[in-house]
Amino acid sequence: MPIWLQNLLVLAGCAAAVWLLWATLFTERSRRATARLRRDRVGLACAAVVGVFLLAGLSDCLLINARTSMLDAAFRNVPLEQGYSAPMSRVTFDERAPKPLKGFHLLGTDLLGKDVLLQTLKGCKTALIIGGLTTLLYLPVGALLGILGGYFRGWVDDVVQYLYSTLASIPGILLLVAVMMLLGKGLDRMAVALSLTAWIGLCRLVRGETFRQAARPYVDAARALGQSHPRIILFHILPNVMHLVVINAILGFSGLVLTETILSYLGVGAPVGTASWGLMIDSARMELSREPAVWWPLTAATGALFLLVLSLNLLGDSLRRAFDPKAA
Amino acid sequence: MLNYLIRRLLYMVPILFGVMFLTFVLFNVVNTPLQMAYRIRGPKASQQDINNWLQNHGYLDEKGNAIPTFLNVAVKRTPEFPWVRVKIGERPFDSLYFRSMKRFATFDLGTSFATDEPVSAMLKRGAIPSLCITLPAFVVGLFLAVGTSLLLVFVRDSLIDRWGTVLCVAGMSIPITVYVIFGQWMAANLFHYFPAFGFNLEGLTTLRFIALPVTIMILSGVGADVRMYRAIFLEEVRADYIRTAQAKGASHARVLLVHMLKNGAISLITLVVAALPFLIMGTLVLESFFGIPGLGNLMTNAITTSDFGVIQADVYLGSLLYLFGLLLTDLCYAAADPRIRLQ
């Protein structure tokens, strides 16, 4: 695939996500929620932090040529060193014979001499790919099945309920590990495995809300006007449950990032060599037991992950509060 | 009550069949027995070696022929007869699928692919160490979470409540691996009393071994629990009966600890009881980090050695425990809430 096409696809995906967010959150029917959201300073700050992370991830997705992304280009003056070096240090991390470094590293370098700051920023891309791909896979399935079950009831609902209760009865992490073992390592496979269980929560939520919406007079009115079922579902019910979908996706994203660290620890996560926070944390087990301890890769990865997950969680909470002030 | 119980049990039968089907498909169709054999015996294993392995693990019959996956039927399409012709072999239901269903239904968990030991024996060995960690963590964590969430609800909409909730979210946002790495590092460098690794089951020394993992398990889980329980209690606090009780002059503490806690406990039960059976499964990350020979560790080892026998059994056991927890929840729910009709 040519580079420009890849970049175009990435940009198109981002544009679609932004449009979806915009079309959901800033419509006529959510004016009050938007007004509440504008007053929520914590929520806005979190949205800004998430935005920064997404931009960092995006800059690593956009390629300049086959090997370098925009992020690499920004770090082209940061040279590769020989092994560990402490943050802002001028020499390598070696007690007996420290060698002078070729460049300045704000957060130090790792075992292979790579800049930790760059690796941490590259972790954004991995998180973005896992979160984005998984969301892309499970969101339509969960939302559609939930709406179908809640709208048609009867045997359709029975089938939907049966599907998700069967999948839910296999403990999530076990199913995940089993599927990852069978499929093998890789970010795309991880997305498939994660989306296998991720849709259940969304489906339950949407199904419950659709029950409530389907009983409201506007649905009867639409039907009395002779509108078809698909039309009612797409143009009347879906916009009214969409905020739940968006909130669930945001909260789900944070869960996916956390799950990645567990999978990476178990050795069925991201392939070795990927710049992922999970792998960085996993390698910290060895690094901390060195004497003196190498603490900066762990700190950088944990800090970035913590900031992203915390912001996502708080943002999700803010959105939930804004759309449903009663259930704070 | 018996009527109710039977109905709940019957409701679970199709789900159990679904789980069995899914497990079978995962381990027999997505990953074929031949692939598994090569993963266990190595990619350079000889044909004879692979065949032996397959035969020993019940994928080939006595004569060395492959056992059909689902049904012993051959489907033939010929140009003269465009419709499907089905040729039923002898014993049509003698297939891998029905054999594994039979094993699942009789709770035969099979053997480990790595050591050929029966999985049930391995599970029995690992259950006690796992419970040593999860049970104390569960009990202490429950009291801690309920207490904290009551406190937050008591001072609701204040600064303490707001920042307390943020603190809970912060606690949830740290991956468990980081908790473990940090805790282990502290144990190794700051206070030398608690061992950072290992386990034994000899009275009081066990306490020293489990102190750190239990603390970490509580710390890593308490944030999410507090938040959830707080949401439950907040829902109750807005109910009419609370206002009535306050209007009648009951003290704040009494309203909170007697009136609300009782009603909130009904929702609490659904969350707590469902988690009970899982205690026996142990914890995946903690046990392998601390070298506790529990079920979580068993699973982690199975992952690193590609021991599909153990993984398959663990997945099935986990689903059984989940369904059991669902049943327990229903029963406790019915017992606690008189509005739930049993018939």
- Query: Out of residues 5 or more away from A:Ser69 or on other chains, whose amide H comes under 5 Å of its own, with H placed 1.01 Å from N in the peptide plane?
  - Reply: A:Ile64
- Note on the structure: Output row, site B:Ala114, 7 Å Cα→C-beta label point, backbone N cut-off 19 Å, window region B:274-292, residues B:281-292
- Item | Size of the B/A contact, given as accessible area buried on both chains, probe 1.4 Å, in Å² | 3600
- Accessible area of A:Val159, 1.4 Å probe, to the nearest 10 Å²? 70
- Note on the structure: With +1 on the Cβ of every Lys and Arg and -1 on the Cβ of every Asp and Glu, the dipole magnitude of the protein assembly as shown about its Cα centre, in debye rounded to the nearest 20, is 1660
- Query: What do the square roots of 5 times the Cα gyration tensor eigenvalues come to for the protein assembly as shown, in whole Å, largest first, as semi-axes of the equivalent ellipsoid?
  - Reply: 38, 37, 31
- Query: With chain B treated as a Gaussian network of Cα nodes joined by springs under 10 Å, which of B:Ser130, B:Ser220, B:Ser95 yields the largest mean-square fluctuation?
  - Reply: B:Ser95
- Query: What angle, in degrees between 0 and 90 and rounded to the nearest 10, separates the Cα long axis of helix B:295-304 from the longest principal axis of the Cα atoms of chain B?
  - Reply: 50
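Normalise the Cα radius of gyration of region B:248-343 by 2.2 N^0.38 Å (N = residues in it) and let me know the number.
Scaled against compact globular proteins, the figure is 1.56.
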- Item | Extension reserve of the A:Asn65-A:Lys99 stretch, reckoned as 0.36 nm per residue once the Cα distance is removed | 8.9 nm
- Two decimals is fine: what is log10 I(q)/I(0) at q = 0.17, 0.22 Å⁻¹ for region B:144-261, from a Debye sum with one equal scatterer on every Cα and no solvent? -0.86, -1.12
- Task: Report, by chain and number, residues whose modeled amide H sits under 5 Å from the one on B:Ser112, excluding near sequence neighbours (fewer than 5 apart, same chain).
- Result: B:Glu117, B:Val119
- Sorted by average packing, counted as other Cβ atoms within 10 angstrom per residue and highest first, what order do B:302-308, B:226-232, B:25-31, A:221-227 take? B:226-232, B:302-308, B:25-31, A:221-227
- Message: Based on the alpha-carbon set only, what is the convex hull volume of region B:97-198 divided per residue, in Å³?
- Response: 216
- Message: Pairs on different chains or at least eight residues apart, Cα atoms closer than 22 Å: how many lysine pairs in chain A fit?
- Response: 7
- Message: At 222 nm, what value in deg cm²/dmol follows for chain A if DSSP H runs of at least 4 each add -39500 (n - 2.57) and the sum is divided by all its residues, to the nearest 500?
- Response: -24000 deg cm²/dmol
- Item | Candidates A:Ser169, A:Ser276, A:Ser318: whichever shows maximal mean-square fluctuation once chain A is modelled as a Gaussian network with Cα springs under 10 Å | A:Ser169
- Message: Principal axis extents for chain A, Cα atoms only, whole Å, descending order, please.
- Response: 83, 44, 42
- Item | Threshold 10 Å² - residues in region B:24-66 whose accessible area is reduced by that much or more when the chain is no longer isolated, probe 1.4 Å | B:Leu26, B:Phe27, B:Val30, B:Asn31, B:Arg39
- Mind jotting down the distance between the C-alpha centroids of region B:279-301 and region A:250-267, whole Å? 19
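Counting alpha carbon pairs within less than 8 Å and at least 6 residues apart, what relative contact order, in whole percent, applies to chain B?
Values: 374 pairs, mean separation 73.3, N = 343.
For chain B, the relative contact order is 21 percent.
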- Residues of type aspartates and glutamates that B:Lys44 reaches as a straight line, Cα spacing below 20 Å, ignoring anything fewer than 8 places off in the same chain: B:Asp307
- Item | Residue-normalised accessible area of chain B, given per residue in Å² at a 1.4 Å probe | 53
- Note on the structure: Checked chain B with the C-alpha gyration tensor, a ≥ b ≥ c its square-rooted eigenvalues, rounded below a/c of 1.5, otherwise prolate if a/b is larger than b/c and oblate if not; verdict oblate
- Query: Accessible area per residue, 1.4 Å probe, Å², for chain A: what's the number?
  - Reply: 49
- Interface residues in region B:154-201 - accessible area drops by 40 Å² or more relative to the isolated chain, probe 1.4 Å: B:Val169, B:Ser173, B:Pro175, B:Thr177, B:Val178, B:Ile181, B:Trp185
- Query: Tell me, what HN-Hα J-couplings in whole Hz come from the Karplus equation 6.51 cos²θ - 1.76 cosθ + 1.60 at θ = phi - 60° for each residue of region A:300-306, using x for Gly and Pro?
  - Reply: 5, 5, 5, x, 5, 4, 4
- With x for Gly and Pro, the residue-by-residue ³J(HN,Hα) of region B:38-54, computed from phi through the Karplus equation 6.51 cos²θ - 1.76 cosθ + 1.60 at θ = phi - 60° and given in whole Hz, is 5, 6, 7, 8, x, x, 9, 5, 6, 4, 4, 4, 4, 4, 4, 4, 4
- If eta is 1.306 mPa s and T is 10 °C, what Stokes-Einstein diffusion coefficient results for region A:156-197, Kirkwood Rh from Cα pairs, in µm²/s? 145
- Item | Rounded to whole Hz, the Karplus (6.51, -1.76, 1.60) HN-Hα couplings of region B:112-124, x for glycine and proline | 6, 6, 7, 10, 6, 7, x, 5, 4, 5, 5, 5, 4
- Counting only protein heavy atoms and using a 1.4 Å probe, what share of the accessible area of the protein assembly as shown belongs to carbon plus sulfur, as a whole percent? 66
- Residues losing 10 Å² or more accessible surface upon assembly, region A:227-266, compared with the chain by itself, 1.4 Å: A:Leu258, A:Thr261, A:Ile262, A:Tyr265, A:Leu266
- Query: Mind checking which of A:Gly273, A:Gly131, A:Gly142 has the largest fluctuation in a GNM of chain A, springs on alpha carbons under 10 Å?
  - Reply: A:Gly273
- Item | Largest to smallest principal axis extent of the C-alpha atoms in region B:126-173, angstrom | 45, 22, 7
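The values are calculated or read from the model by the stated rules, or taken from the named source; none is laboratory data. Keep in mind it's a predicted model, so treat the numbers as computed, not measured. Glycine also receives a Cβ, built like all others from the backbone with ideal geometry; neighbour counts cover every protein chain displayed. Please note that ligands, DNA and RNA were not included when accessible areas were found on the heavy atoms of the full protein model with its side chains. Shrake-Rupley method; radii C 1.70, N 1.55, O 1.52, S 1.80 Å.
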